[in-house]
Amino acid sequence: MLLKEYLPLVSVVTVNYNHANDTIEFLDSLFKITYPNIEVIVVDNGSDPRDPILINERFKGKIELFCIKKNIGFAPANNIGIQKSTGDYILSINNDMTVEKDFLEPLLKVLLSNPEIGIVSPKIYFYAPPRNIQSAGYTEINPFTIRNNSIGYNEPEKGQYERDTFSAFAHGGATMFPRKVLEDVGPMSEYFFLYYEDMDWCKRVRYAGYKICYVHNSKVYHKDSVTTGTNSPYKTYYVNRGRLIYMRRHVKFPLNILSLSYLFTVALAKNVVFAMAKKEFKQAYAVLRAYGWFIRHFFDKEMRKERVSK
C-alpha cells in the first residue's frame, strides 16, 4: 500500500529530563517534516519546573505534555507516553535527536510493506561534526560477554550502508513499530529503569516472531548521553545493572554459568581496576553497586520474566 493512498496516524513519543533546550530543538525539527499526520507526546520526567513551562510555551496546542513529579526512569516514562498515544504506529525517539524532513516516510513504508517486520530504526548519525555514523543497525549480543556492536559506529559516511537490512536490534534512541506489536509483546520492561531496556524489548519482539529492520534512507542526528553524561557514575551504574539483568533474562542454562563467571571475574575486575587506575573512584563504586544490586535481586520474578510468543 502506497503512502499517498494511506496516511496512518503516527504517535511520536519523547521523554524530557532537565534538557528543555534539546527537546525544543528536537521538536522544531520534527514540526518541519513532510509527513502530515502525526501526534506528538512529550513526557516530562520530573524535571525542574521550568522545563515543562518552556516546552509548553513554545509548542502549546501542538503537543500533548504530561508531567511526572519525579524521575521514574526512561522505560516507565516512555511507557506512559505510549499509553497516552492513539496512533496506529508509534515512534519512540530521544529528545536529544534532530530529524531530516523526510525521515518518517521510509520508516512507515517498510512497516507497511512487510507485516513480519515489528520494529524499524533509521540511520543514526552523531549530531556533532563531522557527523559520523552512530548506528546502521546492531550485531547480535554475545551470550558470553553480553556485548554487541553498533554497525558503522563512528565511520565517516561513504555510502557504505545504503540498503535496508535486517538487524539483531534497533537503536533505542529511535524506534518505530505498529501498535499491534505492542499489543502482542507488551511495553518495555520497567525493571531496567535505564539502559538495556531497549535491547530486552527488541529480543522479546523477536521471540514473538517479528523481524527488526534498519532503514537506510531515514536519517536522524543524535547528541548522545545528554541526560546521563558520557562518563558519569550514574550512567556507569545503570549500564552495568542493565547488562546483568539482560543476561539473567535471556541467557539460559548452562551458558549462563559461563556468562556469570565472565561478568563477575573478568568484566568486573577490568572495570573496577581501570577506574581505580584513573582515580575515578566514583566510577569504580558505581560498578560495584550495580553488581551488588544484581546479587540482592537475583531471584526477583521480573529478573526471570518468561519470553513472549505468538
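Scan the range 115-152 for residues that are part of a loop (DSSP other than H, G, I, E, B), among the polar types (S, T, N, Q) and surrounded by 14 or more Cβ atoms within 10 Å (Cβ to Cβ) and jot them down. Steps first, please.
Residues of the range 115-152 part of a loop (DSSP other than H, G, I, E, B): 115-116, 127-132, 136-137, 139-149, 151-152.
Next, only the ones that are among the polar types (S, T, N, Q) stay: 132, 139, 142, 145, 148-149.
Matches in the range 115-152: Asn132, Thr145, Asn148, Asn149.
Return yes or no: is Lys219 surrounded by fewer than 22 Cβ atoms within 10 Å (Cβ to Cβ), under 19 Å from Ser150 (Cβ atoms) and at pLDDT 95 or above? Spell out the reasoning first.
Numbers: surrounded by fewer than 22 Cβ atoms within 10 Å (Cβ to Cβ): yes; under 19 Å from Ser150 (Cβ atoms): yes; at pLDDT 95 or above: yes.
It is true that Lys219 is surrounded by fewer than 22 Cβ atoms within 10 Å (Cβ to Cβ), under 19 Å from Ser150 (Cβ atoms) and at pLDDT 95 or above.
Based on what the data block shows, is Glu105 under 24 Å from Asp184 (Cβ atoms) and among the acidic types (Asp, Glu)? Walk me through it before giving the result.
On the way: under 24 Å from Asp184 (Cβ atoms): no; among the acidic types (Asp, Glu): yes.
For Glu105, the condition - under 24 Å from Asp184 (Cβ atoms) and among the acidic types (Asp, Glu) - is not met.
Looking at the structure I just gave you, is Gly87 assigned to a loop (DSSP other than H, G, I, E, B) and at positive phi?
Values: assigned to a loop (DSSP other than H, G, I, E, B): yes; at positive phi: no.
The answer is no for Gly87.
Would the range 71-91 turn up any residue that is within 20 Å of Val215 (Cα to Cα), modelled with pLDDT of 95 or more and over 17 Å from the mean Cα position of the chain (by Cα)? Quick ask: steps written out before the conclusion?
Here is the first cut: in the range 71-91, the ones within 20 Å of Val215 (Cα to Cα) are 88-91.
Applying the additional criterion that residues be modelled with pLDDT of 95 or more yields 88-91.
Going one step further and asking which of them are over 17 Å from the mean Cα position of the chain (by Cα), we end up with 88.
Yes, some residue in the range 71-91 is within 20 Å of Val215 (Cα to Cα), modelled with pLDDT of 95 or more and over 17 Å from the mean Cα position of the chain (by Cα).
Filter the range 96-110 down to the residues that are in contact with a strand residue (DSSP E or B) (Cβ under 6 Å, 6 or more places away or on another chain), open to solvent by less than 10 Å² (accessible area, probe 1.4 Å) and outside any loop (DSSP other than H, G, I, E, B), then identify the one that is farthest from Asn217 (Cα to Cα). Lay out the reasoning, then the answer.
Residues of the range 96-110 that are in contact with a strand residue (DSSP E or B) (Cβ under 6 Å, 6 or more places away or on another chain), as a first pass: 97-100, 103, 106-107, 110.
After this cut, where a residue has to be open to solvent by less than 10 Å² (accessible area, probe 1.4 Å) as well, the list is 97, 103, 107.
Of the ones still in play, those that are also outside any loop (DSSP other than H, G, I, E, B) are 97, 107.
Values: Met97: 16, Leu107: 9 Å.
By that ranking, first place goes to Met97.
What pairs come out if I take residues in the range 165-183 that are touching a residue at least 12 places away in the same chain (Cβ under 8 Å) and surrounded by fewer than 21 Cβ atoms within 10 Å (Cβ to Cβ) and pair them with residues that are among the β-branched types (Val, Ile, Thr) and part of a loop (DSSP other than H, G, I, E, B) whose C-beta lies under 6 Å away, six or more apart or interchain?
Taking only residues 6 or more apart or on different chains, the pairs are Ala168/Thr139.
What number of residues in the range 197-212 are more than 18 Å from Lys301 (Cα to Cα) and either hydroxyl-bearing (Ser, Thr, Tyr) or open to solvent by less than 10 Å² (accessible area, probe 1.4 Å) (or both)?
The number of residues fulfilling the criteria is 6.
Output the qualifying pairs, or none if there are none: Cβ atoms under 9 angstrom, residues six or more apart or on different chains, first residue in the range 290-304 and open to solvent by 100 Å² or more (accessible area, probe 1.4 Å) and in a loop (DSSP other than H, G, I, E, B), second residue modelled with pLDDT of 95 or more and of a type in the set (Lys, Arg).
Pairs found: none.
Considering only residues that are in contact (Cβ under 8 Å) with a residue 40 or more places away in the chain, closer than 20 Å to Trp201 by Cα and in contact with a strand residue (DSSP E or B) (Cβ under 8 Å, 6 or more places away or on another chain), which ones fall in the range 74-86?
Phe74, Ala77, Asn78, Gly81, Ile82, Lys84, Ser85
Would you mind telling me which numbered condition in (1) modelled with pLDDT of 95 or more; (2) surrounded by fewer than 23 Cβ atoms within 10 Å (Cβ to Cβ); (3) more than 24 Å from Ser167 (Cβ to Cβ) Tyr237 fails?
(2)
The values are calculated or read from the model by the stated rules, or taken from the named source; none is laboratory data. Just so you know, these numbers come straight off a predicted model, no measurement behind them. Positions of Cβ are backbone-derived with ideal geometry, glycine not excepted, and every protein chain shown enters the neighbour counts. Just so you know, the surface numbers come from the protein's heavy atoms only, side chains and all, with ligands and any DNA or RNA stripped out. Shrake-Rupley method; radii C 1.70, N 1.55, O 1.52, S 1.80 Å.
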